[in-house]
Amino acid sequence: MKNFPQEMSHASGAALALDTTRLLVALKQPKERSAVEQFLHSVDLFLEDEADEGMVPGERVNHTRTRYFVQSRRPLDDGRLARIEEAGAQLGLDWIGPVYRQAGQRGRRALMAPLPHVALVKLRQRDAGFKLPEGLGAKGAAEPAIQEIAEKTRYLNGHHYLQISNVKEINAYQLRERLRQIPNAPISDFQFETMPLLTPTSIAPNDTLFPQQWDMTRIEAGGPGTTGWDITTGAATTVVCVLDEGCDLTHPDLRFAAPGINLGTMSGDGSPTGNHGTACAGIVAATYNNGTGVTGVAGDARILPVAFDAWTDVEVAAGINYASANGASIISMSFGWNGWSPAIIDPAIQAAFNNDLVMCVATHNYNGPITYPATNPLVIAVGASDEIDNRKTPASPDGEAWGSNFGPQISVVSPGVHIPTTDRQGAAGYNATDYDLVFNGTSSATPHVAGLAALIRSVYPTLDNVQVRAHIERTAQKVGAVAYADTAGKANGTWNQEMGYGRINVFRALDEADVMIKDAPADNGAEPFTGGNFWDFSDIVVRINDDNVFVPSDPLQSKNVERGQANYIYVRVTNKGARDARNVSVSTRITPFVGLQFVYPPDWTQVDAMHVSPTGITTSFASVPAGGTVMAKFRIEASQTEDLYGWQENHPWHPCLLAVVNSDNDYAFATAPLSGDPISARRNNLAQRNLSVIDVLAGASAAFPFVAGSRYNREAHMTLVIDRSHLPETMPLTLSLDEDGSAFPAIDFDNQSDPMPGQTHGDEDMKKDCGLIFLQDTRVKTRFACCCGILTLAKGSHFDCLPHRTLGNVTVEGGDVVLRHGKRYVEIRQSLVKVTMEKDPATMHPLALQTSIPSASAAGSQYQINVAQLNEQGMPVGGASMVYHVS
């Protein structure tokens with residue numbers, strides 16, 4: 001196809017490659033589709049169609065009344081194109097255009113047609129009238145017949161919309177190449193009008209009642225914008241058991257995986273014993289895009305109908321076990337009653353959980369405590385939200401008198417009022433229309449969540465039931481009037497007892513990535529990280545050379561720094577999510593001190609004397625694949641190395657490194673509260689490296705200076721836990737409490753400013769008690785060195801004492817406080833020693849651990865000391881470690 005370039009560049013910069021098996025065929029006038037298909041068949045072509053095998057559910061091919069995307073079973077060449085054009089004359093063929101595939105995109109969404117009969121050009125002088133340069137038809141080439149479409153030009157922000165009428169002689173691709181060859185052409189930009197093969201709009205099914213399904217739009221399953229159905233509408237291999245009153249097995253809007261069962265007779269096919277089950281099934285999986293009725297959350301999944309007869313606890317247990325044994329991976333249970341025996345039902349729930357089923361259970365509609373079995377921790381307890389995204393209560397604007405049950409077991413909420421869904425056909429149903437437009441209650445909320453679980457399992461079949469639940473909970477929207485907060489035992493984000501983790505969001509749950517910087521090699525992404533010190537071996541490495549060596553678990557390969565040269569920081573980012581992470585960015589900070597506590601956001605985001613940015617080399621990534629890793633890279637300049645690292649004799653130290661990673665679709669981090677202790681361990685996206693490696697000589701004295709406290713910590717007490725378990729028993733270790741701060745020249749310990757003014761902490765009172773104020777002009781005769789003179793002080797002059805920031809009331813567990821030359825020390829004799837001190841709020845305090853390296857130490861010996869800081873609740877807020885390496 002010589003008239004079509006084999007490769008082009010997309011406006012985004014991505015490469016476009018010609019697809020030699022596809023074309024865009026344009027007609028001069030609309031024709032019946034049957035006539036078009038007959039013509040295509042005659043030239044061995046066929047329509048690109050929604051029914052194409054391997055299509056993504058919900059895709060719509062972007063055919064118009066005069067343009068059709070077509071395919072060929074064998075590659076096209078110029079000879080075939082000529083025959084197609086000749087045969088198409090009778091049909092009214094206007095032109096044929098090529099189809100290109102965009103690099104980096106998947107499936108048919110990567111396919112597009114830059115229209116061959118349109119040129120979009122921008123002139124160098126914006127206000128100049130358009131005039132085509134001369135010479136385009138030189139050397140026997142055809143002159144383009146071009147007409148500007150003024151109405152389109154008007155809305156193109158400076159581009160002229162030019163239509164080529166003799167496209168068979170010269171198309172837009174050839175026109176661009178000719179313009180490029182003309183010296184000093186008055187055109188600054190040339191673009192193509194590009195037509196996507198698939199409609200780029202969000203999925204909007206043709207089900208006749210979909211416009212009334214406000215719930216599907218609210219949870220971003222479908223509707224305007226990019227929604228969950230743009231990713232998947234479910235898979236026929238995903239089976240949801242609707243454990244209820246059975247289902248209408250002949251309803252035209254429901255598809256079933258297999259006949260079910262009646263739990264009374266333990267036979268039959270799951271035919272309805274009431275109306276409730278058919279309504280719940282429609283919310284889960286009413287058929288998607290079939291031109292009738294409604295669509296379910298997972299409209300291309302399948303339903304396993306299981307019908308209660310007498311609603312006994314035996315039937316509940318039997319139904320759960322039946323679902324587990326007959327191919328279901330999700331169970332929707334829109335019921336609850338505290339009279340059932342957990343001894344009968346709980347084992348079935350446990351067995352189904354062990355068999356990897358996701359179970360969604362209604363909290364019930366009594367505006368009170370949650371009913372059983374939603375109280376079982378192995379199920380997802382689902383409450384109902386109203387039309388303004390609050391928990392459904394009797395005061396909700398729908399005017400209905402019921403309320404969604406709530407309490408400590410609630411997981412999420414979803415829409416539960418005025419829900420359009422399927423109904424039993426004819427007079428047997430809630431009404432005679434085969435659909436119920438106002439199905440309500442947590443009965444309607446629960447199948448929304450079951451449908452979401454089906455979508456997740458359709459697109460990510462390797463996720464287990466715990467991971468599916470985590471996706472649902474982590475990505476729920478924090479809507480409603482009740483505040484969300486970190487809550488013990490609720491590991492998937494902020495929570496409250498009315499809304500749980502929030503109202504479900506289908507798009508976020510399907511699109512979620514989870515970028516993280518590991519706190520240690522064993523960090524699996526669970527928050528908080530509890531596998532050890534989160535500051536020792538995180539995925540942040542410092543190297544002397546840019547050699548791509550990354551061994552965070554080995555201090556000698558991860559934390560050495562060379563003076564007088566640039567050094568390099570590597571930060572490894574892992575995507576633990578099921579979806580590719582988009583627009584991933586990494587930033588780092590270096591502190592000119594060894595600190596035991598860092599607070600988000602100031603310590604991770606500020607750039608000042610205490611938070612220095614290294615030079616970024618590789619800091620952003622367009623995407624990180626699910627399960628994949630990328631390496632961000634930064635450089636510490638030689639001058640920074642001088643300022644940020646301790647090189648003074650007896651005061652060696654390496655600063656703390658802080659790193660944060662963000663991604664557009666890391667929804668859990670985007671909604672997480674970024675406060676509280678310990679922030680690094682609690683949030684996967686934040687990490688720190690606070691491990692110093694110092695070369696020493698055998699027999700030498702050694703000091704490990706560090707800074708305790710934080711400018712953002714207003715507590716009146718702090719506790720240090722010193723771990724000397726890696727040292728020989730005979731090796732001395734002493735904590736110096738009254739350091740002068742000289743080890744950290746960048747910090748003015750005597751004049752620390754309060755970053756949170758307005759919160760009193762005693763300094764002003766201390767100044768008033770200690771200060772000297774001159775009420776009148778005062779002259780003082782005094783001597784400075786050899787000079788005697790008069791010092792004049794104006795009225796209002798004052799002398800203020802410097803704040804005396806000392807650590808007071810020290811108590812020690814596992815050691816003793818001793819006084820030497822007027823200074824206090826703690827002898828660290830036991831493996832773990834706990835030192836608790838009074839401190840000033842919003843201040844940092846210099847301390848040091850002092851030791852002597854054993855004189856018999858062999859070269860290569862290592863001695864490690866760890867110190868952690870605890871808050872007043874006894875939780876570690878940070879720490880630092882020192883490894884002395886005998887050289």
* Structure fact -> By my count, strands (runs of 3 or more DSSP E) wholly in the range 57-122 with at least 3 residues that are more than 17 Å from GLN191 (Cα to Cα), of a type outside the set (S, T, N, Q) and open to solvent by less than 50 Å² (accessible area, probe 1.4 Å) are 67-72, 93-102
* Is it the case that TYR484 is modelled with pLDDT of 95 or more, open to solvent by 30 Å² or more (accessible area, probe 1.4 Å) and under 23 Å from SER620 (Cβ atoms)? -> no
* Some residue of the range 604-618 being in contact with a Phe, Trp or Tyr (Cβ under 8 Å, 6 or more places away or on another chain) and either under 25 Å from ASN492 (Cα atoms) or of a type in the set (Phe, Trp, Tyr) (or both) -> yes
* Do any residues in the range 8-30 that are over 30 Å from LEU40 (Cα atoms) and free of Cβ contacts under 8 Å to residues at least 12 places away in the same chain have Cβ atoms under 8 Å from those of residues that are of a type in the set (Ser, Thr, Tyr) and surrounded by 13 or more Cβ atoms within 10 Å (Cβ to Cβ), where the two are at least six apart or on different chains, and which pairs are they? -> none
* Structure fact -> Considering residues that are in contact with a helix residue (DSSP H, G or I) (Cβ under 7 Å, 6 or more places away or on another chain) and part of a loop (DSSP other than H, G, I, E, B), the number found within the range 685-721 is 2
* Determine whether ALA491 is modelled with pLDDT of 95 or more and within 18 Å of the chain's Cα centre (by Cα). => no
* Asked: Of everything in the range 234-292 that's closer than 16 Å to TYR322 by Cβ and among the charged types (D, E, K, R), which residue is nearest to the chain's Cα centre (by Cα)?
  -> ASP244
* **Among the candidates THR782, THR792, THR760, THR734, residue that is modelled with pLDDT of 85 or more and either out of contact with any strand residue (DSSP E or B) (no Cβ under 8 Å at 6 or more places or on another chain) or not in a loop (DSSP other than H, G, I, E, B) (or both)** => THR734
* Collect the residues in the range 319-339 that are over 25 Å from PHE439 (Cα atoms), more than 35 Å from the chain's Cα centre (by Cα) and surrounded by 21 or more Cβ atoms within 10 Å (Cβ to Cβ), keeping them in residue-number order. => TYR322
* Asked: Do you know which residues across the range 543-557 are surrounded by 14 or more Cβ atoms within 10 Å (Cβ to Cβ), more than 27 Å from the chain's Cα centre (by Cα) and in contact (Cβ under 8 Å) with a residue 60 or more places away in the chain?
  -> PRO555
* From THR295, THR278, residue being in a loop (DSSP other than H, G, I, E, B) and either under 18 Å from GLY429 (Cα atoms) or open to solvent by less than 10 Å² (accessible area, probe 1.4 Å) (or both) -> THR295
* Structure fact -> Filtering the range 804-838 down to residues that are of a type in the set (Lys, Arg) and exposed (fewer than 12 other Cβ atoms within 10 Å of the Cβ) yields ARG820
* To do: Answer yes or no: is there a residue in the range 839-846 that is polar (S, T, N, Q), open to solvent by less than 40 Å² (accessible area, probe 1.4 Å) and not in a strand (DSSP E or B).
  => yes
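Within the range 504-511, can one find any residue that is assigned to a loop (DSSP other than H, G, I, E, B), hydrophobic (A, V, I, L, M, F, W, C) and crowded, with 21+ Cβ neighbours inside 10 Å?
yes
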* Asked: When you go through LEU455, LEU437, LEU463 one by one, which is the residue that is open to solvent by 10 Å² or more (accessible area, probe 1.4 Å) and outside any loop (DSSP other than H, G, I, E, B)?
  -> LEU437
* Asked: Are any of the residues in the range 656-668 in a helix (DSSP H, G or I) and within 30 Å of ALA513 (Cβ to Cβ)?
  -> yes
* Have a look at THR287, THR312 and point out the one that is β-branched (Val, Ile, Thr) and either within 30 Å of ARG218 (Cβ to Cβ) or touching a His at 6+ places or on another chain (Cβ under 7 Å) (or both). => THR287
* Asked: So, in the range 420-434, of the ones that are touching a residue at least 12 places away in the same chain (Cβ under 8 Å) and either surrounded by 24 or more Cβ atoms within 10 Å (Cβ to Cβ) or among the hydrophobic types (A, V, I, L, M, F, W, C) (or both), which residue ends up farthest from ASP215 (Cα to Cα)?
  -> ALA428
* Of the numbered conditions (1) open to solvent by less than 40 Å² (accessible area, probe 1.4 Å); (2) small (Gly, Ala, Ser); (3) assigned to a loop (DSSP other than H, G, I, E, B); (4) in contact (Cβ under 8 Å) with a residue 60 or more places away in the chain, ALA374 satisfies every one except a single condition; which is it? -> (4)
* Structure fact -> Per the filter on the range 158-202, residues open to solvent by less than 30 Å² (accessible area, probe 1.4 Å), part of a helix (DSSP H, G or I) and at pLDDT below 90 are LEU179
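The values are calculated or read from the model by the stated rules, or taken from the named source; none is laboratory data. All values derive from a computational prediction rather than experimental measurement. All Cβ positions, even for glycine, are placed from backbone atoms using ideal geometry, and neighbour counts span all protein chains on display. Keep in mind that these areas ignore ligands, DNA and RNA; they rest on the heavy atoms of the full protein, side chains included. Shrake-Rupley method; radii C 1.70, N 1.55, O 1.52, S 1.80 Å.
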